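Down below is the structure, laid out as structure tokens.
The values are calculated or read from the model by the stated rules, or taken from the named source; none is laboratory data. Fair warning: this is a prediction, and the values are worked out from it, not measured in the lab. Cβ sites come from the backbone with ideal geometry, for glycine too, and all protein chains shown count toward neighbours.
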Amino acid sequence: MNKIAITIPKVINIKYSKAMEFSNPNNARKINRLRMLNVLLEEGPLTRADLSRRLVLNKISISEIANTLLKEGLITEGDKTSSSKDGGRPGTILKLDAQRAYVLAVDLGFSVLRFAIADLTGSVIRYERLPLEKNTDLAYQIITTLKRIVKTNNKELLALCITVDGEVDNKTGQILKARQFINDPYPLKAKLNELGLTIPITLTTQLQAEVKAEKMFFKQSLASFLFVNWGEFLSSAFITKTETLENMEFAHINVVSQGLCHCGSIGCLDTLASGWGYKNQSLNKQGTPYTVKQLSQTPGGEEIIKQGIDKLGKALALSICATGAKAVIMGGGISSLPDSYFSLLKETCQLALPNHLSTTPLYRGNFK
Ligand SMILES: [Zn+2]
């Protein structure tokens, strides 16, 4: 559930980065408008004088932006304070009206579609998880569900953010690939527009959304880190201050000499340590395709999980050496396994690292 929640407040940031050309006065106005909304979101109510200091803008500009936002109803005026937040002169406070409008999020997983409606602070107001109907047109399925769940809310919908477990092209609004489900480019944005959806749509991968969220919410500042999505399938990215390099091949590092992977190769890491791999192994060894959680509660299941963890730990060590990452953040559902498993992963990885890197920390992500 959190994973959906965290992609929402970022809609503002995504627009922000798109409008980065400051030289254009129109863009500068848009950016300052978003900066004001972001400051009010992060710091709470502020006076115009506070805002002027925060945004390093003169009072006339602040008033202009504030008046537009007041007219649009995105912010409201509160009481006159005896002094400003910074201890300055008294003034009327401005605050974000978080319930004024909503943003929507849709997450396209391997077998489920997850929907969330959130207010402007990113708090989820409504959440639904539905099986993905592979014989129904995807855009149609999304629209009918959205219509149903937003029907009761007559507030303005500002934007829709769609995350996909696969590959996307946000510029053309196409899903390029979504596991075994979509193999040819699928024009999702165009189809949603055809079906009458006119709000701005952002299309991104689950991995990109998770990385963005970890960057925003992680307590420490890291010079670089390796992010691994440990879920139905494994994927990873190497993140520096300026770049995010996705590595879809992480799942297909060769770790054993047998076992057919969904990619067609033999012995990939995914066959032993992903949700998909664990399901296959429990089907072969125990006759039932257990999820990792179920497997951890099954006799003999612990051994299967530990074997995967052993290979994953070593693959992490290899990636740390190759990238020079200063830390690893493990996201995805499987990283929420009990502490004993996570400790084992840490130990295996650190033991496999050369001495000078053996203290590289492994963290659990904030979102599962
Ligand atoms: Zn493979």
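So here's what we get for this one:
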{"read-out": "K293 being within 27 Å of the chain's Cα centre (by Cα), assigned to a loop (DSSP other than H, G, I, E, B) and of a type in the set (K, R)", "value": "no"}
{"read-out": "Filtered residues of the range 259-296 (kept if within 13 Å of the ligand (Cβ to nearest atom) and of a type outside the set (G, A, S))", "value": "L260, C261, H262, C263, I266, C268, L269, D270, T271, L272, W276, N280"}
{"read-out": "Failed criterion for S296 (all others in (1) of a type outside the set (A, V, I, L, M, F, W, C); (2) in contact (Cβ under 8 Å) with a residue 40 or more places away in the chain; (3) closer than 21 Å to L222 by Cα hold)", "value": "(3)"}
{"read-out": "Identity of the residue in the range 166-223, part of a loop (DSSP other than H, G, I, E, B) and among the small types (G, A, S), that ends up farthest from the chain's Cα centre (by Cα)", "value": "G196"}
{"read-out": "Residue satisfying all of: in the range 316-351; assigned to a helix (DSSP H, G or I) and touching a Cys at 6+ places or on another chain (Cβ under 9 Å); farthest from E214 (Cα to Cα) among these", "value": "A317"}
{"read-out": "In the range 119-163, residue farthest from the chain's Cα centre (by Cα) [restricted to those that are of a type in the set (G, A, S) and either surrounded by fewer than 16 Cβ atoms within 10 Å (Cβ to Cβ) or assigned to a helix (DSSP H, G or I) (or both)]", "value": "A139"}
{"read-out": "Residues located in the range 225-265, provided they are among the polar types (S, T, N, Q) and in contact with an Asp or Glu (Cβ under 9 Å, 6 or more places away or on another chain)", "value": "N229, S235, S236"}
{"read-out": "The range 18-51 - residue that is basic (K, R) and modelled with pLDDT under 80 and, of those, farthest from P200 (Cα to Cα)", "value": "R29"}
{"read-out": "I175 being in contact with a Pro (Cβ under 8 Å, 6 or more places away or on another chain) and either at pLDDT 85 or above or at positive phi (or both)", "value": "yes"}
